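Student: Please find one structure pasted underneath; my questions will follow.
The values are calculated or read from the model by the stated rules, or taken from the named source; none is laboratory data. Because the structure is predicted, anything quoted here is derived from the model rather than measured. Glycine also receives a Cβ, built like all others from the backbone with ideal geometry; neighbour counts cover every protein chain displayed. For the accessible areas, the whole protein counts, side chains as well, though only heavy atoms, and no ligand, DNA or RNA atoms are used. Shrake-Rupley method; radii C 1.70, N 1.55, O 1.52, S 1.80 Å.
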Amino acid sequence: MRELLARIRVYLIFGVLLVACAVSMLIDRSALRERGGRDYSRWSGALLEFAAPVERLLTAPVDFALGLWDRYVALVDVKHENEALHHEVARLREEALQLREALVASGRLQQIAEMRTAFEFPMLPAEVVGQDASPWFRSILINRGRRQGVRAGMPVINEEGVVGLVSATSPRAAQVLLLLERQSAIDAIVQRSRSRGIVRGLGTGALGFEFVVRGGDVRVGDVVITSGRGGVYPKGLRIAEVSEVPEPGASLLQTAQLKPAVDFGRLEQAFVLLWRSPTMELIYAEEVGTVSEDGVGRSTTP
Amino acid sequence: MIFLAAGLGSLLLQGALSRYLPPAAVPDFALLVVVGAGLHFTAARGMLVSTAIGFAADWLSGALLGQQALLRLVIFGVTRAANRRLHLRRPLPLGIFAAAATAANGTLLLGLSHLFQSGGVGVTPEWMLTLAVQALANAACAPWLLRRLAHWAAPRASFSRRVLKLVATGRGA
């Protein structure tokens, strides 16, 4: 028996590892489908936790050198620019004051305040400390995790538009699946015509917008924003601009090419929206202890 | 242990380098470490190390847990089989094999993604370009990296072999 085991040991290990990989993939697939991401515990997220500071350490000297160069170049004519900006700031302050007065006078300020409450969510600034180690997947590593309130399923944006979705978290780091990833799909509308469709990542750096041809008014240059109906992203976030619309054929569904609003090649900072839609909160209800008034789930896991 | 540490370190380095270089141009050092394990390790040990490196890669990327681990395991097996016929310790065959392994890895990843995850697109010109660039980058790096790895691993291997020999002959007691 021992001899037989020794003879088939290698095949046995191979088989066990093969099955372990396949089972792990199946479990992870269903976890991603059901919950949209993974919140690692302290131990299972150790690698993610370790990767963030190490990658930051690796990139720090290069960032420092690049920053030094940028600052040096920017110093040329900085005095004149500074004076001009001071004048500009003073002028804009005066203008803002006048506009605010006008708004108060017309009674619209209250409406705007209400709209802000309805649309704005607490945002957490995060630094991009690493990119996906594989060119076949599009994800980034950020230096904010569960301790700062980040949870899987939370949207990530920057000043240009939608960046992606938090797919995994550890106590001090998180992985964000970019909009460009093949698995990514967002319910979206064209801002001008309100035509609805699905924005999908093509895995190549571009995006596709699937829309119904009949009644769908999509033109080159149109801005595509989130519809708020997908149950993941809030409404009105900028996603991309239409770069190419195919000639209408026999198919009912058409796919337009989009240019992402975010320059992913120069992504250094992003903001995590500390918000999960009611749908996501329901999905996470089992593992979330309480949901605070601002809509941020508080995980009970360590 | 050195190969495992090198594999994990490679993943972190790749992640950091991808911030400054196009992702395709960053060599897949972790894949090359698995190829190195195929050349220098016994089957059981190599399979465990390769799968561990694969799981670490899954943890640090957008892949499903187990997706890259499965492929690393397969690539380890193929490397061992190929080494019996192709003399992969020489730079040219090793470079060619690294390029082929990269192409196979990319293609199988795409296949697995289609099998396990709905949506996405098939083979596109951009995808093929990424594959070609990374295959070239890996082919160029493989001989140098694997020579370094063999060099780092060699003294420790001989040391442990010496210890085992001493224990076996009873002179270590």
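Student: State, to one decimal in nm, how far the label point of A:E127 lies from the label point of B:W144, with both points 7 Å from Cα in the Cβ direction.
Tutor: 2.9 nm
Student: What is the mean number of Cβ atoms from other protein chains located within 10 Å of the Cβ atom of each residue in peptide B:20-28, rounded to a whole number?
Tutor: On the way: counts 5, 1, 3, 9, 2, 1, 4, 0, 4.
Mean number of neighbouring Cβ atoms from other chains: 3.
Student: Can you give the extra length, in nm with one decimal, that the chain gains between A:E244 and A:L57 once fully stretched, where that is 0.36 nm per residue apart less the Cα-Cα distance? Show your work: numbers first, answer last.
Tutor: Values: separation 187, 0.36 × 187 = 67.32 nm, distance 4.07 nm.
Length gained between A:E244 and A:L57: 63.2 nm.
Student: Quick check: at a probe of 1.4 Å, how many percent of the accessible area of region A:123-289 sits on carbon and sulfur atoms? Present the calculation step by step, with values, prior to reporting the outcome.
Tutor: Working: 3230 of 6620 Å².
Taking all protein chains in place, region A:123-289 shows 49 percent carbon and sulfur surface.
Student: In nanometres, what is the gap between the two model label sites at A:A65 and B:I2, each 7 Å from Cα along Cα-to-Cβ?
Tutor: Spacing of the two 7 Å Cα→Cβ label points: 2.8 nm.
Student: What residues qualify as long-range amide H neighbours of A:R229, i.e. H under 5 Å apart, gap of 5 or more or another chain, H built at 1.01 Å from N?
Tutor: none
Student: How high is the relative contact order of region A:165-272, given as a whole-number percent (alpha carbon pairs under 8 Å, six or more residues apart)? Don't jump to the answer; show the numbers that get you there.
Tutor: Details: 225 pairs, mean separation 22.0, N = 108.
After rounding, I find 20 percent.
Student: Still on this structure: Can you give the angle from 0 to 90° between the axis of helix B:67-86 and the longest principal axis of chain B, with both taken from C-alpha atoms, to the nearest 10?
Tutor: Once rounded, the angle reads 60 degrees.
Student: Residue by residue through region A:140-145, what is 3J(HN,Hα) from phi via Karplus (6.51 cos²θ - 1.76 cosθ + 1.60, θ = phi - 60°)? Round to whole Hz and write x for glycine and proline.
Tutor: Values per residue, Gly and Pro as x: 10, 10, 10, 8, 10, x Hz.
Student: As an exercise, use a Förster radius of 22 Å and the Cβ-Cβ distance of B:I96 and B:H151 to find the FRET efficiency, rounded to the nearest 0.05. Each step should come with its number before you reach the end.
Tutor: Working: r = 22 Å, r/R0 = 1.00.
The formula returns an efficiency of 0.50 here.
Student: Right, here's the next one. If I model a spin label as a point 7 Å beyond the Cα along the Cα-Cβ vector, how far apart are those points for A:D263 and B:R84 in nm?
Tutor: Roughly 5.4 nm, to one decimal.
Student: Next question, about the same structure. Take the Cβ-Cβ distance between B:T42 and B:M128 as r, set R0 to 41 Å, and report the resulting FRET efficiency rounded to the nearest 0.05. Walk me through the intermediate numbers first.
Tutor: Numbers: r = 36 Å, r/R0 = 0.89.
My answer for the efficiency is 0.65.
Student: Between A:R33 and A:R9, what is 0.36 nm times their sequence separation minus the Cα-Cα distance? Round to one decimal in nm. All intermediate terms of the calculation are to be shown ahead of the outcome.
Tutor: On the way: separation 24, 0.36 × 24 = 8.64 nm, distance 3.60 nm.
Here the segment from A:R33 to A:R9 would lengthen by 5.0 nm.
Student: With a 1.4 Å probe, what is the total accessible area buried between chains A and B, in Å² rounded to the nearest 100? Show your work: numbers first, answer last.
Tutor: Numbers: alone 19490 and 10220 Å², together 25290 Å².
Buried surface at the A/B interface: approximately 4400 Å².
Student: May I ask you to order B:1-10, A:7-16 by the average number of other C-beta atoms within 10 Å around their residues, highest value first? Provide the component values of the computation, followed by the final result.
Tutor: On the way: B:1-10: 18.1, A:7-16: 13.0.
Per-residue Cβ counts within 10 Å, averaged per peptide and sorted highest first, yield B:1-10, A:7-16.
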